[in-house]
Amino acid sequence: MNAPAPDRRAVLEARRVCRSFGPVEVLHEVDLALVAGEVHALIGENGAGKSTLMKILSGYLEPTRGELLLDGKPVSFSSSAEAEDAGIVLIHQEFNLAEQLTVEENIFLGRETRRGVFLDRKAMKAEAARLLAELETRVGPDARVSGISVSDKQMVEIAKALSRNARVLVMDEPTAVLTNREAAVLFRQIERLKAKGTAILYTSHKLDEVARIADRITVFRDGTRVAHAPAGEMDEDRMAQAMVGRELSNLFPQKAPPATGEPVLSVKGFSVGSVVADASFELRRGEILGFAGLVGAGRTELMEGLIGIRESRGTVEVAGRAVSIRSVRDARRAGIAYLTEDRKGRGLLTAKGMRENLTLLALDRFARLAIDTRAEEEALTRAIEEFDVRAPTRQVRVGNLSGGNQQKLLLAKTMLAEPDIVIIDEPTRGIDIGTKQQIYGFIHRLAASGRSVIVVSSEMAEIIGLSHRVVVMRAGRVAGVLEGGDINEDTIVRHAMGLEGREAA
Amino acid sequence: MTTDTARTPARAGLRIDFHVWGPVVALLALIALGAWLNPNFLSYGNVTNVLARSAFIGIIAVGMTFVITSGGLDLSVGSMAAFIAGVMILVMNALAPSMGVGWGVILVGMVVALAVGLAAGLVNGLLVTQARIEAFIVTLGTMGIFRSLITWLADGGTLSLGSAVREVYRPVYYSGLFGIAWPIVVFAAVVVLGEIVMRKTPFGRHCAAIGSNEQVARYSAVNVERVRLATYVLLGVLVGIATIMYVPRLGSASSSTGVLWELEAIAAVIIGGTVLKGGFGRVWGTAVGVLILSLIGNILNLADLVSPYLNGAIQGVIIILAVVLQRQKKAER
C-alpha cells in the first residue's frame, strides 16, 4: 500500500471467468487484471456484463467457472465481507450509507473501535478526520450523512473503503450522480489513490472521462471481452466502435414504410424538473418512434413528464390541439397511455389477481356505480387470448407470473384504455427471447393499425429493429433525430455519447 | 407452488376456507361458549344489549376499514366522537329555548354532528394528502386536539343534554324497528352498504389498489389524493353517525367519552382480516371483529369463570392471534 512505485504485477486478476443466471450465461470466459497504482476502465453497453464482473470481483457473486487470483494466488470469496477483509471494496452507484448516522458512524459501521464494552468515539473520530483530510473534503466526521452533498457522500464511501485498507477499489459509475465540478474533485482523489498504489476498477458511460483518467481499458460486449488495450492506444471513437456492432437477428417484423401521416403528438420546448431541458419532437400517425440514449439521459423522465406524473413546462399538442396534462387521468383523456419500465413497482399490483390489475387503468369502462365483474371477466378472457398471457390459473396472483407474462398483462391493461398514443418504456426488460418477439410483433401491429407508438429502450437492437425514426437523448436534451439510413448503432451511440457535432436541429 | 394448490381444489378450498371463515368460526365458538355458560346469553335482552353497545364502535370500524385498506390509519376517532357529542349537546341545549323542545332541535343536532364529523375527517384527510404528513402523526395530533377541546368545552366536567330534549331523543337509542334497536339497524345498514362499496365500486377497488401499491395506483390514473381524502371524510361522517346513536344513550359528553374507541375500532378491523398495512379490506370481517370483541366482554360479565378485569388481556390475545393467522396465510401462498 505504501509502495510509491506501481508494482507491475496484478493485485487482483480474473481468469476465464464465466457466470450464469439459471440457464443463461451472461459472462463468457472473461479475463481482467488489476494492477496496483493503475486505473482500469471497464466499458460496454447496458447488459454487457460489467456489473456482473464487478460483483464477482468484490465477492457479491461467485463465478460459475474460472478463477480469481489475489496476489497471484487463487482465492474465492463467499461474501462481500470476505472480499473486504482481503482489501477489495466495491463502491455502489447508489450509496450504501445510513442516512441518519453521522459520517464517522458510517465509516466505522459494523467494525466500530471499542474500549471495553463502550465505543471509543474519540479514536474513531480522529481516524475519520484523518481519512477525510486525506481526501481533501470539507465534510467533518460529525456531519449527518442525510445533510451532505452527493459528492461528499461519494467521499465518505471512499473514506470507508480506505478505512478498510482497500488495495482494490471497484467503482460503479461513480460520476453518474456528480456534476462536472464534483467529478473533477473525484478525479483528483483517484490520482492520489493511484499514487498510493491502490488498484482501481472504474466503469463509466462517459467516454471522455475514461479517456482522461484510465491507464488501461477493457471493453465488454454481450458478456465477452471484445477489446483491451492501454489507454493511449484507444481513443473515444475506437471505444465506441468496440462497444457496438452486433448482428441483428430476424427478431423484428419487416418494417412498414415510414409513416407520412399527420403529427398526432407534437412536443415543443418541454422541460421536466432539472432532468429534461427543452425537448422537442413530433410523433406521426402510425409511427414507431424510438427513444435512445444512455441510462440517465432523461428519457423516462421526459415520458413521465408527458403523462403528468412529473411536473413539466412546455407545449404539448395532441392532434393539433394544445393540451395540459397534469395527471395520468389527463393523459388518458388525451388518449396517451404509458407503460412503465418498472413493472412490479409501478405497473402491476403484485399481490392482486389478473382481473383487478387488468381493469385498474380503465375501470370507468366497467363501472357506473358498481363494477360489472362479469364484464371484467370477459375482458380478461379476451386479454389472455389476444396477448397470449400464460397463467397457471385465472386466480393467480400477478406477482407469481413470469416477467414476460406480466409484461403482456401490462400491455393488455394499457390497451384497455384505448389510447391513440402508446408510450412503452423498456418493452422487453428481463424478458426471454420468445416473448420479446411476440411483443415486437404486437408493437408493430399496433402501429400498422394507425396508432402511434413511442418505444423507449436501452437495447440498441430493439431501437433499430422497430423504429421508423429515432430520437437520441443525451444529458436531458434531444441530441438528434435520426431517420432512414442514419438509424444504426454507430450513429446512435455517437449521438448518445456526444461525439456527433452539435445538436442536430 | 401456486399451480399445485390450484390444481388440487380440495386442499385449496380448505385453506381458503380457514382464512376467510376464521373470524366467523371464532365468533360462532364464542356464541356457543356463551350459551353453554349462561342460559341468559341468548336472551333477547342480552343480544340487543350487546349489539346496541357494539354499534358505535362498529359504525366507526367500518369507516376505519376503508382508511386502513388504503394504507392509512386514524387514531383520532375516539376523541372525535367525544368532541362531536359535546358540540351536538351544546347546540341542542342552545337552540331548545328558541326552537322549542322537539324533533326539530334534534334534527339540527344530527346535522351538526354529521357536519362536524365531515369537517374533522376533512382536516385529517387534508393534512395527510396535501401537507403529506404521516397519518399516524396527523391523527395522533388531532386525537389530542379533539380530546382537549371536549375537556375545554365541558370545562373539565360533563356536558349534559337538557332533560326535556333528552326525553324526546331517548328512543333513538332505546327504541327500534320491529323490535330491533335503532343502533343495530343503523350498524347493519352501514355494514351492508360498506361491504357493497368496498367490493363493488371503483372507490373500494381504488382503496385496495392504493394500499397495495400507491405508485401503481398513481400510474393507473387513480386519483390517489382524492381517494385517500375521501376515506378520512367517510370515516369522519361515520363517527358523526355513531355519535348520533350514542348521545341519547347517556345524554352527556365528557373528557372520558369515547376513550380507547380508536384502538377497539382498529382491533376489530384487523381481527376481521383487513391487512394493517393496507391493500386488502373486508367490511363484513370488521363487523365480525366488532362482535367478537364485545362478546368477550359480555361473556366474562355473565360467567364467573374469569374475572371481567381480564377482558382487555383476552382481547389483546385475540388481536395478536388474528395477526399471526394472517401472516401464516401469507407465508403459505
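The values are calculated or read from the model by the stated rules, or taken from the named source; none is laboratory data. Since the model is a prediction, treat every value here as computed from it, not as a measurement. Ideal geometry is used to build each Cβ from the backbone, glycine not excepted, and the neighbour counts take in all protein chains shown. What goes into the accessible areas is simple: the full protein's heavy atoms, side chains included, and nothing from ligands, DNA or RNA. Shrake-Rupley method; radii C 1.70, N 1.55, O 1.52, S 1.80 Å.
Among the residues of the range B:143-164, the one identified as surrounded by 13 or more Cβ atoms within 10 Å (Cβ to Cβ) and among the aromatic types (F, W, Y) is B:F146. Scanning the range A:95-126 for residues that are of a type in the set (S, T, N, Q), modelled with pLDDT of 85 or more and open to solvent by 30 Å² or more (accessible area, probe 1.4 Å) yields one hit, A:Q100. Being in a helix (DSSP H, G or I) and at pLDDT 95 or above is the requirement here; does B:I137 meet it? It is true that B:I137 is in a helix (DSSP H, G or I) and at pLDDT 95 or above. The condition of being among the charged types (D, E, K, R), surrounded by fewer than 18 Cβ atoms within 10 Å (Cβ to Cβ), out of contact with any Pro (no Cβ under 9 Å at 6 or more places or on another chain) and more than 14 Å from B:Y232 (Cα to Cα) holds for only one of B:E167, B:E134, that being B:E167.
Just one residue in the set A:R332, A:R313, A:R346 is within 11 Å of chain B (Cβ to nearest Cβ) and either in a loop (DSSP other than H, G, I, E, B) or more than 12 Å from B:R218 (Cα to Cα) (or both); that residue is A:R332. Can you find a residue in the range A:390-405 that is more than 9 Å from every other protein chain (Cβ to nearest Cβ) and of a type in the set (S, T, N, Q)? Checked against the condition, which is being more than 9 Å from every other protein chain (Cβ to nearest Cβ) and of a type in the set (S, T, N, Q), the range A:390-405 yields at least one hit. Can you say whether B:A217 is in contact with a helix residue (DSSP H, G or I) (Cβ under 9 Å, 6 or more places away or on another chain), within 14 Å of chain A (Cβ to nearest Cβ), surrounded by 24 or more Cβ atoms within 10 Å (Cβ to Cβ) and not in a strand (DSSP E or B), as far as the supplied structure shows? In short, yes.
Every test in (1) among the hydroxyl-bearing types (S, T, Y); (2) open to solvent by less than 50 Å² (accessible area, probe 1.4 Å); (3) within 23 Å of the chain's Cα centre (by Cα) is passed by A:T179 save one, and that test is (2).
For the range A:449-505, the set of residues classified as over 16 Å from A:D278 (Cβ atoms), open to solvent by 10 Å² or more (accessible area, probe 1.4 Å) and among the acidic types (D, E) consists of A:E459, A:E483, A:D486, A:E489, A:D490, A:E500, listed by residue number.
Out of B:G211, B:G240, B:G204, one residue alone is outside any loop (DSSP other than H, G, I, E, B) and closer than 21 Å to B:M92 by Cβ. It is B:G240.
Assess whether A:A337 counts as being over 27 Å from the mean Cα position of the chain (by Cα) and either among the aliphatic types (A, V, I, L, M) or facing another protein chain (nearest Cβ under 8 Å) (or both). For A:A337, the condition - over 27 Å from the mean Cα position of the chain (by Cα) and either among the aliphatic types (A, V, I, L, M) or facing another protein chain (nearest Cβ under 8 Å) (or both) - is not met. For the range B:53-62, the criterion of being under 23 Å from the mean Cα position of the chain (by Cα), free of Cβ contacts under 8 Å to residues at least 12 places away in the same chain and open to solvent by 30 Å² or more (accessible area, probe 1.4 Å) is met by no residue. Residue selection: A:L361 satisfies the criterion of being among the hydrophobic types (A, V, I, L, M, F, W, C), in contact with a Lys or Arg (Cβ under 6 Å, 6 or more places away or on another chain), under 11 Å from A:L410 (Cβ atoms) and at the interface with another protein chain (Cβ under 7 Å from one of its Cβ atoms). Evaluated against (1) more than 14 Å from chain A (Cβ to nearest Cβ); (2) part of a helix (DSSP H, G or I), B:I196 falls short on exactly one condition, (1). Condition check for A:A379 on (1) within 13 Å of chain B (Cβ to nearest Cβ); (2) open to solvent by less than 20 Å² (accessible area, probe 1.4 Å); (3) more than 30 Å from the chain's Cα centre (by Cα): one failure, at (1).
Out of B:L263, B:L229, which single residue is farther than 30 Å from A:Y338 by Cβ, more than 8 Å from every other protein chain (Cβ to nearest Cβ) and not in a loop (DSSP other than H, G, I, E, B)? Unique residue meeting the criteria: B:L263.
If you filter the range B:122-131 down to residues that are open to solvent by 50 Å² or more (accessible area, probe 1.4 Å) and touching a residue at least 60 places away in the same chain (Cβ under 8 Å), you find that the one that is farthest from B:V237 (Cα to Cα) is B:Q130. Somewhere in the range B:177-186, is a residue away from chain A (no Cβ under 14 Å), open to solvent by 50 Å² or more (accessible area, probe 1.4 Å), at pLDDT below 95 and assigned to a helix (DSSP H, G or I)? For the range B:177-186, residues away from chain A (no Cβ under 14 Å), open to solvent by 50 Å² or more (accessible area, probe 1.4 Å), at pLDDT below 95 and assigned to a helix (DSSP H, G or I): present. Just checking, does the range A:17-27 include any residue being within 24 Å of A:T198 (Cβ to Cβ) and of a type outside the set (S, T, N, Q)? The answer is yes; a qualifying residue exists. B:T201 falls short on exactly one of the conditions (1) within 14 Å of chain A (Cβ to nearest Cβ); (2) under 24 Å from B:L127 (Cβ atoms); (3) surrounded by fewer than 24 Cβ atoms within 10 Å (Cβ to Cβ), and that condition is (2).
Of the candidates A:E341, A:E317, the single residue that is over 29 Å from A:A176 (Cβ atoms) and outside the structural domain of A:K206 (by TED's automatic domain parsing) is A:E317.
Kindly check whether there is at least one residue in the range A:435-445 that is farther than 25 Å from B:P202 by Cα, touching a residue at least 12 places away in the same chain (Cβ under 8 Å) and among the aliphatic types (A, V, I, L, M). Yes: one or more hits. In the range A:287-294 there is no residue that is aromatic (F, W, Y), farther than 30 Å from A:P174 by Cβ and open to solvent by less than 60 Å² (accessible area, probe 1.4 Å). For the range A:349-358, which positions are out of contact with any Asp or Glu (no Cβ under 8 Å at 6 or more places or on another chain) and at the interface with another protein chain (Cβ under 8 Å from one of its Cβ atoms)? The answer is A:T350, A:A351, A:K352, A:E356. For A:A367, the stated conditions hold: it is among the small types (G, A, S), over 32 Å from the mean Cα position of the chain (by Cα), at the interface with another protein chain (Cβ under 8 Å from one of its Cβ atoms) and buried (at least 16 other Cβ atoms within 10 Å of the Cβ).
Against the list (1) modelled with pLDDT of 95 or more; (2) surrounded by 19 or more Cβ atoms within 10 Å (Cβ to Cβ), the condition B:V105 fails is (1).
Here A:E418 clears all of (1) more than 27 Å from A:S266 (Cβ to Cβ); (2) surrounded by fewer than 20 Cβ atoms within 10 Å (Cβ to Cβ); (3) more than 12 Å from chain B (Cβ to nearest Cβ) except the condition numbered (1). The one condition from (1) crowded, with 18+ Cβ neighbours inside 10 Å; (2) facing chain B (nearest Cβ under 8 Å) that A:S327 does not meet is (1).
Would you check if A:I454 is in a strand (DSSP E or B), within 25 Å of the chain's Cα centre (by Cα) and not basic (K, R)? Yes; evaluated as a whole, the condition is true for this residue.
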